[in-house]
Amino acid sequence: MPHARITGVGSYLPDAILTNADLESMVDTSDEWIVTRTGIRERRLAAPGETTSDLAAHAALRALADAGLEPRDVDLLVVGTSSPDKIFPSTACITAAKIGAACPAVDVMAACTSFVYALHHATCAIEAGRARTVLVIGADALTRHVDFTDRTTCVLFGDGAGAFVVQAGDEQGVLAIDLGADGTRGDVLEIPACGAAMPASEEVLAKRFQFIRMNGQEVFKFAVRVIPQSVKAALAASGLAVEQIDWLVPHQANQRILDTIADRLGLPHERVFSNIATTGNTSAASIPLAVDALYTGRNLHPGSVVGLVGFGAGLTWGYALVRWTKEAR
Ligand code: COA
């Protein structure tokens with residue numbers, strides 16, 4: 001059976017920075033509250049007219065260049081996103097056209113767990129012999145769905161994209177993946193309207209149902225309960241122990257969630273990567289953005305064991321255990 005390994009990494013953040021001070025002038029909040037409760041100091045905003053596929057295309061081209069490949073070498077393109085440019089065509093198709101890839105292209109929608117789900121699809125296709133080179137992208141312009149009059153959500157989210165090139169090979173890069181979903185808890189974190197269940201209308205706009213709604217405390221409790229379980233399940237499947245994880249890269253949702261997960265796993269905080277202070281929660285983009293930061297910071301080496309942790313609306317969760325096979329860039 002061919003194995004899946006990561007051969008290229010790239011990411012992209014839009015230029016515009018929205019600081020906590022900027023938010024202080026928009027809603028009743030403070031830099032002190034946001035930093036203490038979340039760890040976030042600033043986040044990026046997609047430029048007017050810049051869409052999720054634009055962010056995805058930038059990250060994808062960087063990942064391909066890192067792998068020494070051209071867009072025509074890709075035989076499957078998977079985009080994880082919850083802020084697609086349009087309901088259809090898929091953001092994957094639009095991204096493929098923007099970068100000049102001519103291959104099957106599909107979106108995966110599992111909210112902030114989308115990247116781990118997309119990596120799972122890529123790994124399955126490679127291990128089944130159905131693809132050799134897969135471009136896996138996590139991209140979100142979630143601030144387009146944020147209500148900037150709602151202080152409980154607008155301080156959290158930012159925009160960005162990250163991508164992996166995943167290729168077939170003899171070396172096993174993706175060691176194990178554990179995925180889960182609990183659809184009975186969909187109302188904990190949702191965008192209620194503008195899908196087929198509640199199409200856009202004046203009433204929707206008046207009630208602001210086109211924006212993200214969240215029960216923050218429920219999401220917090222869910223994440224710190226389910227993630228340690230998922231990490232342990234994937235470790236058991238791969239025969240590794242928690243001490244053998246060199247880097248845990250959790251979805252960057254809240255620094256307190258990251259710290260609690262580390263404590264519950266008995267992992268030193270310095271082995272749990274965080275760039276949340278400067279990115280905020282970039283949803284599907286957060287894991288590949290974080291991995292690219294680790295990689296370009298020369299913190300990943302052949303043999304490094306990296307755990308990628310996603311969780312979010314659905315409710316969904318996922319954990320991918322990866323052995324790094326690339327030289328530091
Ligand atoms: N600025 C100032 N005060 C705020 C605020 C803000 N931006 N947002 C909420 N508050 C207020 C609340 O109104 C509440 O006031 P009250 O006590 O007078 O009622 C108080 O702060 C505490 O609110 P609470 O919701 O209990 O805070 P918290 O400690 O749970 O932190 C979150 C809120 C959202 C930061 C936290 O629950 C969280 O991060 N949850 C996970 C969310 C997440 O990660 N979502 C995405 C997952 S993919």
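The values are calculated or read from the model by the stated rules, or taken from the named source; none is laboratory data. Since the structure is predicted, the reported quantities are computational estimates derived from the model, not experimental observations. Cβ coordinates were reconstructed from backbone atoms using ideal geometry, including for glycine residues, and neighbour counts include every protein chain displayed.
Since Val79 meets every condition but one in (1) of a type in the set (A, V, I, L, M); (2) over 21 Å from Ala196 (Cα atoms); (3) surrounded by fewer than 17 Cβ atoms within 10 Å (Cβ to Cβ), which condition does it not meet? Only one criterion in (1) of a type in the set (A, V, I, L, M); (2) over 21 Å from Ala196 (Cα atoms); (3) surrounded by fewer than 17 Cβ atoms within 10 Å (Cβ to Cβ) is unmet by Val79, namely (3).
Got a number for residues in the range 250-259 being out of contact with any Pro (no Cβ under 9 Å at 6 or more places or on another chain) and crowded, with 16+ Cβ neighbours inside 10 Å? Outline the logic, then answer.
Here is the first cut: in the range 250-259, the residues out of contact with any Pro (no Cβ under 9 Å at 6 or more places or on another chain) are 250-256, 259.
Within this subset, residues satisfying the condition of being crowded, with 16+ Cβ neighbours inside 10 Å are 250-255.
So the count comes out to 6.
Residues that are part of a loop (DSSP other than H, G, I, E, B) and in contact (Cβ under 8 Å) with a residue 24 or more places away in the chain within the range 208-239 comprise Arg208, Gln210, Phe211, Ile212, Asn215, listed in sequence order.
Select, from Thr152, Thr123, Thr113, the only residue that is away from the ligand (no atom under 12 Å from the Cβ), of a type in the set (Val, Ile, Thr) and in the same structural domain as Gly39 (by TED's automatic domain parsing).
Thr123
Please go through the range 291-329 and pick out each residue that is of a type outside the set (Ser, Thr, Tyr) and without any contact (Cβ under 8 Å) to a residue 60 or more places away in the chain. Hits for the range 291-329 are Leu294, Gly297, Arg298, Asn299, Leu300, His301, Pro302, Gly303, Glu327, Ala328.
The numbered conditions (1) within 24 Å of Ala293 (Cβ to Cβ); (2) touching a helix residue (DSSP H, G or I) at 6+ places or on another chain (Cβ under 8 Å); (3) away from the ligand (no atom under 16 Å from the Cβ) are all true for Glu270 except (2). So, of the residues in the range 145-170 that are within 20 Å of Gly39 (Cβ to Cβ) and under 15 Å from the mean Cα position of the chain (by Cα), which turns out to be surrounded by the most Cβ atoms within 10 Å (Cβ to Cβ)? Top of the filtered list is Gly162.
Only a single criterion out of (1) of a type outside the set (S, T, N, Q); (2) closer than 30 Å to Arg37 by Cβ; (3) not assigned by TED's automatic domain parsing to the domain that holds Thr91 is not satisfied by Glu202, namely (2). Got at least one residue in the range 188-195 being surrounded by fewer than 15 Cβ atoms within 10 Å (Cβ to Cβ), assigned to a helix (DSSP H, G or I), touching a helix residue (DSSP H, G or I) at 6+ places or on another chain (Cβ under 8 Å) and not assigned by TED's automatic domain parsing to the domain that holds Thr123? There is no residue in the range 188-195 that is surrounded by fewer than 15 Cβ atoms within 10 Å (Cβ to Cβ), assigned to a helix (DSSP H, G or I), touching a helix residue (DSSP H, G or I) at 6+ places or on another chain (Cβ under 8 Å) and not assigned by TED's automatic domain parsing to the domain that holds Thr123.
Where in the range 23-116 are the strands (runs of 3 or more DSSP E), entirely inside, with at least 1 residues that are of a type outside the set (D, E, K, R) and at positive phi?
Working: elements: 42-45, 76-80, 105-108.
Of the strands (runs of 3 or more DSSP E) lying wholly inside the range 23-116, none has at least 1 residues that are of a type outside the set (D, E, K, R) and at positive phi.
Looking across Ala56, Ala21, one residue alone is modelled with pLDDT of 95 or more, loosely packed, with under 15 Cβ neighbours inside 10 Å and under 29 Å from Asn254 (Cβ atoms). It is Ala21.
Residue-wise test of (1) surrounded by fewer than 20 Cβ atoms within 10 Å (Cβ to Cβ); (2) modelled with pLDDT of 95 or more.
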{"residue": "Gly173", "(1), (2)": "no, yes"}
{"residue": "Gly186", "(1), (2)": "yes, yes"}
{"residue": "Arg208", "(1), (2)": "yes, yes"}
{"residue": "Arg213", "(1), (2)": "yes, yes"}
{"residue": "Glu218", "(1), (2)": "yes, yes"}
{"residue": "Leu240", "(1), (2)": "yes, no"}
